[in-house]
Each structure stands twice: as C-alpha cells, then as structure tokens.
Amino acid sequence: MRAATTAHPHAGARTLAPWGMLAAIDLHGCDDQRLADADSIRRFVPTVIEAIGMRAHGPLALERFGDDELEGWSAMQFIETSSITIHADEVCSRCFVDIFSCRRFEPELAAAIAVAHFGGTPTVTVLER
C-alpha cells in the first residue's frame with residue numbers, strides 16, 4: 001500500500017492512506033450468449049459479491065441500451081462498501097466489471113469468477129484511491 005501526499009487548504013501537506021480500491025476487470029473473447037442474457041448477468045452479481053465477502057445494498061439496476069454495435073447490458077449494484085458496475089458487449093465479445101470498495105478484497109478472485117461466468121481472457125487493473 002502506497003501513501004499519497006495531498007495539500008489541504010488549511011494545513012501543510014499530510015500523508016493519507018488509500019481510502020479504497022478499484023478493480024477494473026476487462027474480459028475479451030467472452031461467450032456472446034451469456035453477455036446477451038439479462039438473467040446471466042443477474043446470476044453473476046450475487047455470485048461475485050459473495051465470493052469477495054461483500055453484501056448487496058438495495059436492488060440491482062440492469063438495463064439494455066445503446067445503438068447498433070454499442071448496444072448492450074449495463075448493471076449497477078451498490079454493495080455495503082461501495083459499488084459494482086458491469087458493461088456487457090456481446091457484439092465484440094467483451095465485458096467490463098468494475099468493483100470499488102473501501103474494504104479490501106481479492107481482485108484476482110473476482111476476475112476468476114467473472115471468467116467462470118462469462119468466459120474470456122481477463123486483464124485486471126487495480127487502483128488504490
């Protein structure tokens with residue numbers, strides 16, 4: 001964990017520990033049928049939430065929108081420590097899963113669950129904020 005330095009308008013510079021982490025999971029070469037199926041996305045969300053030790057907060061928002069090759073499913077689920085967003089693109093066989101939490105979790109485990117659910121090859125980028 002790397003500390004960041006920030007200037008506060010009423011004090012000198014201070015060191016802050018990261019408040020949360022973001023795992024950006026990019027999947028390419030996914031199963032198009034799973035990405036096009038709303039129920040598939042609905043099943044994925046509680047599975048990944050449980051796997052990373054979180055709890056859902058409120059209902060899942062899931063909508064299909066866009067035009068032509070940009071049409072796809074997007075989902076957003078609040079979790080007790082922040083949120084999970086999903087963008088599924090069956091036209092190009094890709095899926096983007098972003099998990100932000102102020103409690104640490106295992107990004108590689110979340111990526112493995114996403115691969116097991118949607119297929120594809122993952123690239124995982126983790127940011128501390």
Residue check, GLU90 at pLDDT below 95, acidic (Asp, Glu) and within 18 Å of SER40 (Cβ to Cβ): yes
Selection over the range 44-76 where residues are in a helix (DSSP H, G or I), under 17 Å from CYS95 (Cβ atoms) and modelled with pLDDT of 95 or more yields a count of 7
Those residues of the range 84-129 which are among the acidic types (Asp, Glu), in contact (Cβ under 8 Å) with a residue 24 or more places away in the chain and either touching a strand residue (DSSP E or B) at 6+ places or on another chain (Cβ under 8 Å) or open to solvent by less than 40 Å² (accessible area, probe 1.4 Å) (or both) amount to ASP89, GLU90, ASP98, GLU128
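In the range 36-82, how many residues are among the polar types (S, T, N, Q), closer than 21 Å to GLU108 by Cα and crowded, with 16+ Cβ neighbours inside 10 Å?
So the count comes out to 4.
The values are calculated or read from the model by the stated rules, or taken from the named source; none is laboratory data. As the structure is a prediction and not an experimental result, all values here were calculated from the model. Cβ sites come from the backbone with ideal geometry, for glycine too, and all protein chains shown count toward neighbours. Surface accessibility is based on the protein's heavy atoms, side chains included, excluding ligands, DNA and RNA. Shrake-Rupley method; radii C 1.70, N 1.55, O 1.52, S 1.80 Å.
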